[in-house]
Amino acid sequence: MDTGEHRKIITVPDPVTLAKTAADRILARIAANAGRIAMCLAGGSSPKKLYELLASETYRGRIPWDRTHWLIGDERFVPASDPLNNMAMARGILLDRFAPASHIHPIPTDTGKPEESAERYQRELKLFYGAERLDPGRPLFDVVLLGVGPDGHTASIFPDYPAAVETERWVVGVSQAHVAPLVPRVTLTLPALASCREMLFEVSGPDKRAILTRVIDGENLPAARAHSIGETIWLVDAAALPENFRG
């Protein structure tokens with residue numbers, strides 16, 4: 001599988017259509033894999049509509065829950081029961097209702113510090129993958145869901161932080177966040193996130209227009225540098241689209 005250096009931007013009229021387009025792409029990736037499926041989820045508020053749609057009767061019956069595993073790209077270093085916990089939303093809306101418990105792989109946050117959690121999750125990912133090093137011909141994930149923050153971060157990879165230039169480790173601790181909520185984080189690195197058949201960004205709302213302009217212009221931001229070894233897709237609604245976009 002060739003490295004996908006160029007993103008594809010798909011524009012949609014509104015957040016409802018954005019969630020449906022994302023859900024349809026996820027189901028297409030699932031249908032294309034007759035073996036074990038690995039989905040890497042995103043935190044924050046962006047994917048809420050998507051998770052609700054996947055939990056609906058129309059979509060949940062098309063997910064082979066017995067062979068689909070659910071992981072996550074980053075986590076806030078708070079207890080699993082804390083409302084700030086990224087996996088908590090996905091679990092409450094979708095996973096705890098339909099997925100086997102053994103197929104849900106949250107980042108642990110019950111350690112003494114984020115770096116310890118990162119080491120534990122990296123061990124889990126390597127065991128799940130079955131190798132110590134990532135092979136471009138065998139992606140870790142089928143789909144990686146991501147969003148973009150107002151400063152250009154994605155997952156919890158913030159501009160000018162060590163995580164943004166990490167090339168060896170799959171998971172790292174982040175002692176301090178750049179934006180609210182200002183809690184420590186644990187995040188997959190860009191190489192780990194890249195190991196997927198499809199990287200799927202969701203970008204919605206007028207507050208994302210400024211940062212999307214910077215990403216499209218090629219500014220050196222984590223979200224701009226994030227790409228898949230397969231397809232890199234940015235789903236963007238009309239409100240977030242830069243006025244001069246001619247893609």
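The values are calculated or read from the model by the stated rules, or taken from the named source; none is laboratory data. On a predicted model such as this, the values are computed, not experimentally measured, just so you know. Note that we place each Cβ from the backbone using ideal geometry, even for glycine, and neighbour counts take in every protein chain shown. The area values use the complete protein model at the heavy-atom level, side chains included, leaving out ligands, DNA and RNA. Shrake-Rupley method; radii C 1.70, N 1.55, O 1.52, S 1.80 Å.
Which one of TYR129, VAL78, THR68 is farthest out on the positive end of the charge dipole of the range 1-159, using unit charges on Cβ (Lys, Arg +1; Asp, Glu -1) and the Cα centre as origin?
THR68
Expected output is a single nm value to one decimal: the length gained when fully extending between ASP207 and LEU84, i.e. 0.36 nm times separation in residues minus the C-alpha distance. What is it?
That pair, ASP207 and LEU84, stretches by 42.2 nm at full extension.
Which whole-number percent gives the relative contact order of the chain, counting Cα pairs below 8 Å spaced six or more residues apart?
It comes to 27 percent, rounded to a whole number.
Can you compute the charge dipole magnitude of the chain about its Cα centre, using +1 on each Lys and Arg Cβ and -1 on each Asp and Glu Cβ, nothing else charged? Give it in debye, rounded to the nearest 20.
Magnitude of the dipole: close to 500 debye.
In the range 30-45, whose amide N lies under 18 Å from the spot 7 Å out along Cα-to-Cβ of ARG67? List them in ranges.
Within reach of a label on ARG67, which here means backbone N under 18 Å from a point 7 Å along Cα→Cβ, the range 30-45 contributes 30-40.
Taking the DSSP beta bridges in the range 63-208 as the whole, what percent of them are antiparallel, to the nearest 5?
Of the beta bridges lying entirely in the range 63-208, close to 60 percent run antiparallel.
Among SER195, PRO150, SER117, whose Cα sits farthest toward the positive end of the charge dipole of the range 115-247 (+1 at Cβ of Lys/Arg, -1 at Cβ of Asp/Glu, about the Cα centre)?
The listed residue farthest towards the positive side: SER195.
So what are the ³J(HN,Hα) numbers for the range 26-36, from phi and the Karplus equation (6.51, -1.76, 1.60; θ = phi - 60°), rounded to whole Hz, Gly and Pro as x?
For the range 26-36, the Karplus curve yields 4, 5, 5, 5, 4, 5, 7, 10, 8, x, 6 Hz.
Where does the chain land at 222 nm, in deg cm²/dmol rounded to the nearest 500, when only DSSP H runs of n ≥ 4 count, each adding -39500 (n - 2.57), divided by all residues?
My calculation for the chain gives -7500 deg cm²/dmol from helical runs alone.
Taking R0 as 25 Å, what FRET efficiency do you get between PHE245 and LEU27 from their Cβ-Cβ distance, rounded to the nearest 0.05? Kindly include the intermediate steps, with their values, before the conclusion.
Numbers: r = 28 Å, r/R0 = 1.10.
The computed FRET efficiency comes out at 0.35.
Just how many pairs of Lys in the chain have C-alpha atoms closer than 29 Å, counting pairs that are eight or more places apart or on different chains?
Close lysine pairs under the 29 Å cut-off: 12.
Pairwise over distinct Cα atoms, reciprocal of the mean inverse distance: report the Kirkwood radius of the chain in Å, one decimal place.
18.0 Å
Karplus couplings for the range 221-228 from phi (6.51 cos²θ - 1.76 cosθ + 1.60, θ = phi - 60°), rounded to Hz, Gly and Pro as x?
Along the range 221-228, the couplings run 10, x, 5, 6, 8, 6, 8, 9 Hz.
Say a paramagnetic label sat at a point 7 Å from the Cα of ALA131, along Cα to Cβ; which residues of the range 211-229 have their backbone N under 17 Å from it?
From the range 211-229, the list is 229.
Take the solvent-accessible surface of the protein heavy atoms, probe 1.4 Å, and return the percent of it on the chain that carbon and sulfur atoms account for.
Carbon and sulfur together cover 51 percent of it.
Per the Kirkwood formula on distinct C-alpha pairs, the Rh of the range 146-247 is how many angstrom?
Final number for the Kirkwood radius of the range 146-247 is 14.0 Å.
Please give the net charge around LEU188, taking every other residue with its beta carbon less than 12 angstrom from that of LEU188, where Lys and Arg add +1 and Asp and Glu add -1.
Every neighbour counted, the sum reads -2.
Considering every pair of different Cα atoms, what Kirkwood radius, in Å, is found for the range 85-151?
The Cα-based Kirkwood calculation yields 14.2 Å.
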